[in-house]
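Every number here is computed from the coordinates shown, using simple stated rules; none is lab data. Note that the structure is a prediction, hence the values are computed from the model and not measured. Here the Cβ positions follow ideal geometry from the backbone for every residue, glycine too, while neighbour counts run over all protein chains shown.
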Amino acid sequence: MRKLTYFIACSIDGFIGDPSGDASSFHQFVNEEFLEFLKTRYPETVATEGRKALGFHDAENQRFDTVIQGRASYQLALDINITSPYAQLRELVASRTLKESPDPNVELVSDDVVARVRELKAEDSELGIWLCGGSQLAGELIEEIDELVIKTYPVVYGSGMPMFGSDFAPTVFGLESVRIFDNGVLVRIYNRTR
């Protein structure tokens, strides 16, 4: 059974973006040490255009072969005329508003996203599935999430888009590791306690 991993960036107070979903204030913390970590441990989570610009476009996927994201997260790429932001992965977008995919590499999931994720998890693969965002999709998929990889940036938002857009329902995860970077970023890995 493959893992669904919510690999996400957030503020100290648990927001993945400002009230409109913009998370560009996190970019100031991507220094050489942190970028090397991403390039070696999670290269597939860097957008295709970013991989090209940084010179590791041909890096082999380390953890994931599939990414799923919500419509709002995908819209950020569409807004800059990118239809396949993670071309190095099989891409799925959960959307009830997009009627047809703008790219042959992007599969739209318009109805039962939980059932589709269960199908993906049942596939035979050594690599996992990356839940890229956003908040509402993470809330819908909370029961399917096996692992959290939380990149916590040293900034407080005060309000914004929460990590999970869902009703109150305590869900227990066990801490596996914490890595601290010189720039103040923490990467915490949690595994689902079932």
Legend entry - Of K52/K99; K121/K151; K99/K121, those spanning more than 28 Å from alpha-carbon to alpha-carbon: K52/K99
Inset, instruction - Could you work out how far apart the two model spin labels at E119 and L98 are, taking each label as a point 7 Å from the Cα in the direction of the beta carbon, and quote it in nm? - result: 1.6 nm
Legend entry - Placed amide H near M161: partners under 5 Å, 5+ positions off or other chain: I16, G17, D18, G21
Inset, instruction - For the range 92-162, give the magnitude of the charge dipole about the Cα centre (Cβ charges: +1 Lys/Arg, -1 Asp/Glu; no others), in debye to the nearest 20. - result: 400 debye
Inset, instruction - Could you work out the Rg to Rh ratio of the chain, with Rh taken as the Kirkwood radius (inverse of the mean 1/r over all Cα pairs)? - result: 0.93
Inset, instruction - Would you kindly derive the ³J(HN,Hα) couplings of the range 9-15 from the backbone phi angles with the Karplus curve 6.51 cos²θ - 1.76 cosθ + 1.60 (θ = phi - 60°), listing them in order in whole Hz, with x for Gly and Pro? - result: 9, 8, 7, 4, 8, x, 9
Inset, instruction - Using the Karplus curve 6.51 cos²θ - 1.76 cosθ + 1.60 with θ = phi - 60°, work out ³J(HN,Hα) for each residue of the range 158-170 in order, rounded to whole Hz, and write x for Gly and Pro. - result: x, 7, x, 8, x, 4, 10, x, 8, 6, 4, 6, x
Legend entry - J(HN,Hα) series, the range 91-98, from Karplus relation 6.51 cos²θ - 1.76 cosθ + 1.60, nearest Hz, glycine and proline x: 10, 10, 10, 7, 8, 9, 9, 6
Legend entry - Bridge type composition, the range 4-184 - antiparallel percent by DSSP, nearest 5: 10 percent
Inset, instruction - Collect residues whose amide H, placed 1.01 Å from N in the peptide plane, falls under 5 Å from the amide H of V106; neighbours closer than 5 in sequence don't count. - result: none
Inset, instruction - Scan around V155 for amide H atoms under 5 Å from its own, H built in the peptide plane at 1.01 Å from N, and keep only partners 5 or more places away or cross-chain. - result: I12
Inset, instruction - On a C-alpha basis, how far is the centre of the range 17-71 from the centre of the range 72-133 in Å? Whole number, if you could? - result: 16 Å
